[in-house]
Every structure is written in C-alpha cells, then in structure tokens.
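The values are calculated or read from the model by the stated rules, or taken from the named source; none is laboratory data. Computed from a prediction, not measured in an experiment: that's the story for all the values here. Positions of Cβ are generated from backbone atoms using ideal geometry, with glycine treated the same way; all protein chains shown enter the neighbour counts. Quick note on the areas: whole protein, heavy atoms, side chains included, nothing else; ligands and nucleic acids left out. Shrake-Rupley method; radii C 1.70, N 1.55, O 1.52, S 1.80 Å.
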Amino acid sequence: VGSPLFRAFIPYLYCSSMPLLLVIRYFQYKTRKWHYFLLDFCYFANIALALYMLLAPGSGTTFIIVFALVHGPLPWSVIFFRNSVVFHSIDKFTSFYIHMMPCLVAFSIRWFPLDCSRWWVGEFYSGENLAVQRWFPGANPHLVLGIGMPL
C-alpha cells in the first residue's frame, strides 16, 4: 500500500473521487434507464464505508461490519463479472473502482490506522478493544474473525 505519506491520503482520495464517479455513473445510467442498478450491494457497501469514515471513524463494531462488507463479495465480483481497468472508459473504470477501492481503503485503515489517521478528521479504529474479545474472551480475535467472516 506504499509509503506512510500515501496511506495518509488514501481516505481523502476515496472520499473525493467516489462521489464524483457515482454522480457520473448516475447520469449515465439515468439516460439509459439503468438507474435501478445503482441499488446494488456494491453501492451500499461503498456508502457504508464512506459513512463510517465520515461519521464514526473510531467505532470498532462499525469497522468490523464495514470491513466484512467490502472484503466479502466486492473483490469476488471483480473476478466473476470480469471487471477490468480501462482508463479511457469511465464506465469500466468506475465499475472496477467501486469494487476494489473500498478494499484498499479498509485494508489500509485496518493494518495502518495511525498512518491513515494522520490528517483525517478523527482517529480510525486501531484494532484494540475488539468487540470479538467481549463475545469470545481469551480467544484470538483475528482467528475468530477469520473463521467467522466467511460464514
């Protein structure tokens, strides 16, 4: 994920580019009468990540839910739907971006919370006080999440 300086800009990159791409996508789909495709799960996961980042960056439970949302079906859909990075096609680029950028952002927040929080509005969840530790005292929280998330 690069240098600590780049990781500090990942939340800003996501929160500035995602609304622009979604507005462009809305107007493209509205003219084709495909606007109901915007109610798909990937858009919900993107909005959930943006709301977490803007409204509750320190909430551990919210982060676990958002992390599971964006690392579950979104990266698999890139493979199944054969999304490709085509920089000169805004439609294909947006499709790839809405499926992979949330994974990059959540991964960066999870493993590099101090770097991502450097210039952000609030401190991101750093992994301490996992809600899993309350539910399964004494268990390794990463093992519990690793087994429980796919289920």
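Couple of notes before you dig in:
- Some residue of segment 66-86 being of a type in the set (Gly, Ala, Ser) and in a helix (DSSP H, G or I): yes
- Top-ranked residue in segment 69-113 [being among the small types (Gly, Ala, Ser) and in contact with a helix residue (DSSP H, G or I) (Cβ under 8 Å, 6 or more places away or on another chain); ranked as farthest from residue 45 (Cα to Cα)]: 84
- Of all residues making up segment 1-18, the number that are crowded, with 16+ Cβ neighbours inside 10 Å and hydroxyl-bearing (Ser, Thr, Tyr): 1
- Only one of the listed residues (65, 79) is β-branched (Val, Ile, Thr), free of Cβ contacts under 8 Å to residues at least 40 places away in the same chain, within 28 Å of residue 4 (Cα to Cα) and open to solvent by 90 Å² or more (accessible area, probe 1.4 Å). That residue is 65.
- Scanning segment 105-122 turns up no residue that is over 11 Å from the mean Cα position of the chain (by Cα), over 23 Å from residue 8 (Cβ atoms) and among the charged types (D, E, K, R).
- When restricted to residues that are open to solvent by 40 Å² or more (accessible area, probe 1.4 Å) and closer than 16 Å to residue 105 by Cα, segment 19-48 contains 3.
- Take the conditions (1) in contact (Cβ under 8 Å) with a residue 24 or more places away in the chain; (2) crowded, with 16+ Cβ neighbours inside 10 Å; (3) farther than 22 Å from residue 38 by Cβ; residue 74 misses just one of them, which is (3).
- Extreme residue, farthest from residue 120 (Cα to Cα), among residues of segment 49-61 that are open to solvent by less than 50 Å² (accessible area, probe 1.4 Å) and part of a helix (DSSP H, G or I): 60
- Residues within segment 39-61 that are in contact (Cβ under 8 Å) with a residue 40 or more places away in the chain and in contact with a Phe, Trp or Tyr (Cβ under 8 Å, 6 or more places away or on another chain), tallied: 6
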